[in-house]
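Chemist: One structure, as C-alpha cells, below. Some questions next.
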Amino acid sequence: MPDLAPAMTEILLICVAMALLMLGAFRGEEPGASRLVTPLAVMALVIGLFILLVGEKSESLAFEGQFVQDAFAIYLKILILAGAAACLLLTPAFLQRERIERFEYPVLALFSTVGMLLMVSANSLVALYLALELQSLPLYVMTAFHRDQTRSTEAGLKYFVLGALASGLLLYGCSLVYGFTGTLSFEGLASALAPAADGTRTISTGVLIGLVFIAAGLAFKLAAVPFHMWTPDVYEGAPTPVTAFLAAAPKVAAMGLTLRVFYQPFGAWAPEWQQILVFISIASMLLGAFAAIGQSNIKRLLAYSAIGHIGYALVGFAAGTQQGVHGVLVYLAIYLIMTVGTFACVLVMRRKGQAVEQIEDLAGLANHQPMLAAAIAIFMFSLAGIPPLAGFFGKLYVFMAAVQANLVPLAVIGVLASVVGAYYYLRIVKLMYFDESSQVLDRPIGREFSIILGAAAIFNLVFCLAPSWLLGQAQRAAAALLT
Amino acid sequence: MSEWPLLSLVIFLPLAGAGFIMLIRGEPAVVNQNARSVALWTASITFLLSLLIWVDFDPSRSDFQLVERAEWFTGFNINYHVGVDGISLFLVLLSTLTTLICILVSWESIQVRVKEYMVAFLVMETFMVGVFCALDIVLFYLFFEGILIPMFLIIGIWGGPRRIYSAFKFFLYTLLGSVLFLIAILAMYLQTGTTDIPSLMAAEFTPEMQIWLWLAMFASFAVKVPMWPFHTWLPDAHVEAPTAGSVVLAGVLLKLGGYGFLRFSLPMLPDASAYFTPFIYTLSIVAVIYTSLVALMQTDMKKLIAYSSVAHMGIVTIGIFTLNPLGIQGSIIQMLSHGLVSAALFMCVGVVYDRIHSREIASYGGLAERMPLYATTFMLFMLASVGLPATSGFVGEIMVLIGVFQVNSWVALFAASGMVLGAAYMLWLYRRVIFGALTKDSLARLGDLRPHEMAAFAPLVLLVLLMGLWPTLFLDPMAASVDHLLTQAQQTPVSQFAGR
C-alpha cells in the first residue's frame, strides 16, 4: 500500500470533480444543476485548503517519487486554492446573466485546479508534463465557454493552438534532456547535472538546447515576452470570470513549476538560465509597461499589466538565490490578491444588464459609487507599486533580491518600467475621480462581489501593518525549495 | 511625560480622523459641515499635541528624542522606528500647522466632495509628519512616496482647468525620482544589513559606492526640492492645485528634498557630498538667478510665486552644502520661513481668487482701496519673501549668505544678486496688484478678509515676525543636532578623491 497521504488534497478534489460530473450528467441540462454544483465545488476547494493548512509540512514523496509535497508546494497550493475558490465564487452571477449556465464550468475549473496543484508538486519531467496538460485542457474549454459568441470561441481556439505548440516545445525539451541524461526524475537530473567533485561543470549542448525548449514552453504558460502574444486576445475574448480565473491561479502554478524545475534539477546551471530569464524579465516589464498605455479595453489592459507583473516576479527569479525565490513567492501572493480584486471590479462593470469593458465606462464612478471607486483606486495604486499599499512590498522584495545578486541594472530597468506602468493605472484613477459622466453602472453589485472586493482592498491597505506573517511563510517555502 | 507614544499619536491621529470622516453619512449639506468640523478638530488637536513635542524636546541633546521602536518586518531588521532631533522638530510642527491652515483656507472655497477632500488632507498630514519622524529608511520611503497619492487626488479633483495634466506630471515626475532612491536604499540595506537611519549614519561606504548612492538620492531629492532643471513640474502643479494644495505643496512638500539632503546625503555619504558640492552650488545659483528672471516675466500670480519658490529653495540647497553650522542652520530657518511665507502668499492669491476667479495679475489693481487689511497682510509676507529685516526671511537668507561667504565668496555674490532680483519681482507684483487706481468694475465691490481667513493668516503673521525678531528661539533647539550632523559629515581623507 503506497503512502498517499501527501496527495490527500488532490485525491479529494479529483474525486469530488468526478462525482460532480456524474451529478451534473444525471441532473441534465436544467440550470439548477449548475447552481448546485458550483457551491459544492467551492466547498471542496475550501476543504482542500484546510487539509493543507493542518497537514504535514515536512517534505514527503508519493507515487514512486513523482509527487513531492513540501513547504514550497503547500505555500503555492494554498494560494492556488484560495484564488480558484474566489474566482469560482464570482462566476455564477455572470453565467446566469449571459445565459450560459452549465454545470460543466465548475467541474472544468476543478480539474484545472487539480492540474495546478500537481504542477507545483511535480517531481519528474513526466509528472510535469501531465500536470501541465491537466491544467491547460480545461482552460481551453473554459475560454471557449461562451460558444455562441465568436469572440469567445476564437479566443479558445487561439489559446488551444498556441498552447499546444508550447506544450510541444516543452515536450521536445523534456525528451532532449532525457535523451542526454537518461533520467526523468528531478533528483536524478540534479545529480546528473551537478558539477564534478573538483567543481568543474560540463555543459552538454543537448541538455542546454533541451533547457531552452523547456524555458520557452514554460514562458508561454507564464505569458512572458516573447511568448506572450496569446495573452491580450485570450484575456479579451474569454468570458470575464474565465479571464479572472486565468489571470490568478494558473500564473501562480506556472511560476511554481518553473521555479522548481530551474532551481532543483537545473540548479547547478543557474549561470546558463539566468541569461535567458534576465532577458525575459526585462522584455516583459517593458512590454507590459508600454503596450498597456494604448489600450482602451480594460481586459486587454489587464492582460498587458499581467505580462508586466510576471516580468517583475521574474526579476526575483533571475536573481537565482533564496532571497530571489522568497521575493517571487511574496510577489505571487500579493499579485494574486490584487488580481482577484481587480477582476471582481471588472465583473461588476455592467450597464443596464450588459457587461461593459471599455475603461471609459468607469468615468465618473467616484460620484455614483464611491466605495467601488475607492476599491478600484486602491488596486490601481497597489498594482502601480505605490507605498504604503501591498503592491509596493511585492516589488521591494524582488528588487532587493536583484540588487543583492548584483543585478542592479535589472532592478533599475524594473523601477523605471514601473514608473511608465504607473501612467496607465493612474489613467483609470483619473477616469473615475477626475472625469464626469452621466451614465452610471448598475448597482447593487451583489454580496459575494462586495465581500471579495472589500477583503482584497483591505488586505492591500493594511498589509503594511503586519507583513511579517506572509514574509515568514514565504521564507520557509523558499528555504524548502533550495534544500 | 514621554511615557506615552507622543510621536505615533501625532502621526496616526489624523489617519483616525480621516477614518472617522469616512463613516459620516446623511444629508449632503450636513455631511459637508460635519466633515469640515471633524477635520478642523482633528488637525487642531494634532497641532496641539505636536506642540507638546517641542515642550518635551531637550535642546541640549544631539541625538534622536522621543524615540519609539516596534518590530515590523520580523527577520529582516526593518523596524518601525520614529524619533525627532533638532532638524526635524520644527518641520513636524510646520506640517501640523500647515494642515490646520489648509483646512481653514478650504472652509468655504471647497464645496464639492468636501468629505473626500478632508480625508485626503488628513491622510496627507499622517504621511508628512511620518516622513519627518521616521528613523527607518524603509518607513521613510513609505511615507515619502505615499504623499503622492493624496496630492495627486487633490490636484486632480479640486484643481484648475489643466488639473489632469498637472496631476500626472507631478505624480510621474516625482515617482521617477524616488524609485532610484529605492534602489539606493536597497543597496545600503544589503551592504549594512540594517535600514535604521542612526546606524546607517555610522556606516561607511566606499567612495565609489557613495558616488552612485549619492546620485540616486539626488535624483529623488532634486525633484522634490525642486532644483533647476528638475523644477518644471512645480509651476504646473502650483497653478492648477487648489489654494490649500499649493499651500501644502510649498509649505511642506518642497522641504522633503532639503530634509533628505540633511538626513541622508550629508551624514551617510560625506565624501560624495563634498565631491558634489560645486555641482550643487552651480545648479543652485542657476536656480536662484534664472528662476528669478523667469518669475519677473510671469503674468499669473501663482506661477510667479511658484518660480520664486524654486529660487528660495536654491538658497536652501546652497546653505545645506556649505557644511558649516551657520549655513546649515540658516538653510533650516530658510526652509521654515519659506514654508510659512510661500504658504501665506498662495493664500493671499487664494483670497482674491475666491472672489474674482482670476489669477492674472492684469485683472487686479488698486486693491488697497477696498481691502486694506488684506493689503497689509500681503505686504508683510511680500516683504518677508524679499528678506526684509525683522521678518523670518531675513534671518534665513543672511545666515546662509554669511555661511557660504566663508566657503566661497563667488557663490555668495551670485546668491545675493538673486535676492536683489527677488525684491524686484515681488515688489513689482505687489505694486501691480495692490496699488494704483481701482479702475476695474469687477473689483468695485470686493470685501476685505473674512473671519476664517484672518484665523488662517494670524498664526503665520505671528510666526513670521517671531522668527524674525527672536530667531534664537528656533536656533537653540537645532544647534546641538546641527553640530552633531557636521561631525558626521566629516569626510574621510580627501586624497581618495584626488585622482578624479
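Chemist: Is it the case, given these coordinates, that A:Tyr335 is within 13 Å of chain B (Cβ to nearest Cβ), assigned to a helix (DSSP H, G or I), hydroxyl-bearing (Ser, Thr, Tyr) and surrounded by 24 or more Cβ atoms within 10 Å (Cβ to Cβ)?
Modeler: no
Chemist: Looking at B:Phe144, B:Phe218, which is the one that is touching a helix residue (DSSP H, G or I) at 6+ places or on another chain (Cβ under 8 Å), part of a helix (DSSP H, G or I) and facing another protein chain (nearest Cβ under 9 Å)? Even if it seems obvious, please write down each step before you answer.
Modeler: Details: B:Phe218 fails: facing another protein chain (nearest Cβ under 9 Å).
Going through B:Phe144, B:Phe218 in turn, the sole match is B:Phe144.
Chemist: Another one. Of B:Gly159, B:Gly75, B:Gly146, B:Gly130, which residue is small (Gly, Ala, Ser) and on the phi > 0 side of the Ramachandran plot?
Modeler: B:Gly75
Chemist: What do you reckon, is A:Ala73 modelled with pLDDT under 95, farther than 15 Å from A:Thr240 by Cα and touching a Leu at 6+ places or on another chain (Cβ under 9 Å)?
Modeler: yes
Chemist: Out of all the residues in the stretch B:130-139, is one or more within 14 Å of chain A (Cβ to nearest Cβ), acidic (Asp, Glu) and not in a helix (DSSP H, G or I)?
Modeler: Filtering the stretch B:130-139 for residues within 14 Å of chain A (Cβ to nearest Cβ) gives B:130-131, B:134, B:136-139.
This time we only want the ones that are acidic (Asp, Glu), so: B:136.
Subsequent filtering for residues that are not in a helix (DSSP H, G or I) retains B:136.
Within the stretch B:130-139 (the criterion being within 14 Å of chain A (Cβ to nearest Cβ), acidic (Asp, Glu) and not in a helix (DSSP H, G or I)), the answer is yes, since at least one residue qualifies.
Chemist: Also, quick follow-up: Can you report the number of residues in the stretch A:366-401 which are within 12 Å of chain B (Cβ to nearest Cβ), of a type in the set (A, V, I, L, M) and farther than 30 Å from A:Ile413 by Cβ?
Modeler: Counting residues in the stretch A:366-401 that are within 12 Å of chain B (Cβ to nearest Cβ), of a type in the set (A, V, I, L, M) and farther than 30 Å from A:Ile413 by Cβ gives 4.
Chemist: Checking the conditions here, which among B:Ile211, B:Ile185, B:Ile164, B:Ile197 is touching a His at 6+ places or on another chain (Cβ under 9 Å) and either within 26 Å of B:Ser284 (Cβ to Cβ) or among the aliphatic types (A, V, I, L, M) (or both)?
Modeler: Selected residue: B:Ile197, the only one of B:Ile211, B:Ile185, B:Ile164, B:Ile197 that is touching a His at 6+ places or on another chain (Cβ under 9 Å) and either within 26 Å of B:Ser284 (Cβ to Cβ) or among the aliphatic types (A, V, I, L, M) (or both).
Chemist: Another one. Only one of these is in a helix (DSSP H, G or I) and surrounded by fewer than 24 Cβ atoms within 10 Å (Cβ to Cβ): B:Leu340, B:Leu293, B:Leu323. Name it.
Modeler: On the way: B:Leu340 fails: surrounded by fewer than 24 Cβ atoms within 10 Å (Cβ to Cβ); B:Leu323 fails: in a helix (DSSP H, G or I).
B:Leu293 is the lone residue from the list that is in a helix (DSSP H, G or I) and surrounded by fewer than 24 Cβ atoms within 10 Å (Cβ to Cβ).
Chemist: Just name the residue that is surrounded by the most Cβ atoms within 10 Å (Cβ to Cβ) out of those in the stretch A:434-453 that are within 18 Å of A:Arg97 (Cβ to Cβ) and either basic (Lys, Arg) or within 11 Å of chain B (Cβ to nearest Cβ) (or both).
Modeler: Restricting to residues being within 18 Å of A:Arg97 (Cβ to Cβ) and either basic (Lys, Arg) or within 11 Å of chain B (Cβ to nearest Cβ) (or both), the top hit is A:Arg443.
Chemist: Would you tally the residues in the stretch A:83-108 being more than 14 Å from the chain's Cα centre (by Cα) and part of a helix (DSSP H, G or I)?
Modeler: The total comes to 15.
Chemist: So A:Pro265 clears everything in (1) of a type outside the set (A, V, I, L, M, F, W, C); (2) part of a helix (DSSP H, G or I); (3) touching a Phe, Trp or Tyr at 6+ places or on another chain (Cβ under 6 Å) except one condition, right? Which one?
Modeler: Only one criterion is unmet by A:Pro265, namely (2).
Chemist: Looking only at residues in the stretch B:164-178 that are facing chain A (nearest Cβ under 10 Å) and aromatic (Phe, Trp, Tyr), which one is nearest to B:Glu68 (Cα to Cα)?
Modeler: B:Phe171
Chemist: A further question follows. Kindly indicate which of B:Thr439, B:Thr376 is polar (S, T, N, Q) and either modelled with pLDDT of 90 or more or under 26 Å from the mean Cα position of the chain (by Cα) (or both).
Modeler: Of the residues listed, the single one that is polar (S, T, N, Q) and either modelled with pLDDT of 90 or more or under 26 Å from the mean Cα position of the chain (by Cα) (or both) is B:Thr376.
Chemist: Taking the conditions exactly as written (crowded, with 18+ Cβ neighbours inside 10 Å, β-branched (Val, Ile, Thr) and either more than 9 Å from chain A (Cβ to nearest Cβ) or under 25 Å from the mean Cα position of the chain (by Cα) (or both)), does B:Thr194 satisfy them or not?
Modeler: On the way: crowded, with 18+ Cβ neighbours inside 10 Å: yes; β-branched (Val, Ile, Thr): yes; either more than 9 Å from chain A (Cβ to nearest Cβ) or under 25 Å from the mean Cα position of the chain (by Cα) (or both): yes.
Judged against the criteria, B:Thr194 is a match.
Chemist: B:Gly26 fails exactly one of the following numbered conditions: (1) away from every other protein chain (no Cβ under 14 Å); (2) assigned to a helix (DSSP H, G or I); (3) more than 30 Å from A:Tyr397 (Cα to Cα). What is the number of that condition?
Modeler: Tallying (1) away from every other protein chain (no Cβ under 14 Å); (2) assigned to a helix (DSSP H, G or I); (3) more than 30 Å from A:Tyr397 (Cα to Cα), B:Gly26 fails exactly one: (2).
Chemist: Quick check on the stretch A:402-412: of everything there that is more than 8 Å from chain B (Cβ to nearest Cβ) and assigned to a helix (DSSP H, G or I), which residue is surrounded by the fewest Cβ atoms within 10 Å (Cβ to Cβ)?
Modeler: A:Pro409
Chemist: Within the stretch B:148-163, can you find the residues that are among the β-branched types (Val, Ile, Thr) and within 9 Å of chain A (Cβ to nearest Cβ)?
Modeler: Passing the criteria: B:Ile149, B:Ile157.
Chemist: For the structure I just gave you, tell me whether B:Ser199 is of a type in the set (Ser, Thr, Tyr) and surrounded by fewer than 17 Cβ atoms within 10 Å (Cβ to Cβ).
Modeler: yes
Chemist: Is it true that some residue in the stretch A:462-471 is closer than 22 Å to A:Ile298 by Cβ and either within 11 Å of chain B (Cβ to nearest Cβ) or at pLDDT below 90 (or both)? Please lay out each step first, then the result.
Modeler: From the stretch A:462-471, those closer than 22 Å to A:Ile298 by Cβ are none; that's our starting set.
Looking through the stretch A:462-471, none of the residues is closer than 22 Å to A:Ile298 by Cβ and either within 11 Å of chain B (Cβ to nearest Cβ) or at pLDDT below 90 (or both).
Chemist: Search the stretch A:413-433 for residues that are more than 9 Å from every other protein chain (Cβ to nearest Cβ) and pair each with any residue that is small (Gly, Ala, Ser) and assigned to a helix (DSSP H, G or I) when their beta-carbon atoms are under 6 Å apart and the residues are at least 6 apart or on different chains.
Modeler: A:Ala417/A:Ala289; A:Gly421/A:Ala289; A:Gly421/A:Gly308; A:Tyr424/A:Ala292; A:Tyr425/A:Ala384; A:Met432/A:Ala366; A:Met432/A:Ala373
Chemist: Give the stretch B:72-100 a look and list any residue that's more than 30 Å from B:Leu326 (Cβ to Cβ) and not in a strand (DSSP E or B), or say none. Spell out the reasoning first.
Modeler: Of the stretch B:72-100, the ones more than 30 Å from B:Leu326 (Cβ to Cβ) are B:72-81, B:99-100.
B:Thr74, B:Gly75, B:Phe76, B:Asn77, B:Thr99, B:Leu100 - these are the residues of the stretch B:72-100 that are more than 30 Å from B:Leu326 (Cβ to Cβ) and not in a strand (DSSP E or B).
Chemist: For the stretch A:49-76, which positions are assigned to a helix (DSSP H, G or I) and in contact (Cβ under 8 Å) with a residue 60 or more places away in the chain?
Modeler: Step one: of the stretch A:49-76, the residues assigned to a helix (DSSP H, G or I) are A:49-54, A:71-76.
A:Ala71, A:Phe72, A:Ala73, A:Ile74, A:Tyr75, A:Leu76 - these are the residues of the stretch A:49-76 that are assigned to a helix (DSSP H, G or I) and in contact (Cβ under 8 Å) with a residue 60 or more places away in the chain.
Chemist: Which residue is nearest to the chain's Cα centre (by Cα), if the candidates are limited to the stretch B:33-77 and must be within 14 Å of another protein chain (Cβ to nearest Cβ) and under 27 Å from B:Phe121 (Cα atoms)? Reasoning before the result, please.
Modeler: In the first step, residues of the stretch B:33-77 are kept if they are within 14 Å of another protein chain (Cβ to nearest Cβ); the result is B:35, B:70-77.
Going one step further and asking which of them are under 27 Å from B:Phe121 (Cα atoms), we end up with B:35, B:70, B:72.
Working: B:Ala35: 26, B:Ala70: 28, B:Trp72: 28 Å.
Selected residue: B:Ala35.
The values are calculated or read from the model by the stated rules, or taken from the named source; none is laboratory data. Small disclaimer: the values here were computed from a predicted structure and weren't measured. Virtual Cβ from ideal backbone geometry, glycine too; neighbours counted across all protein chains shown.
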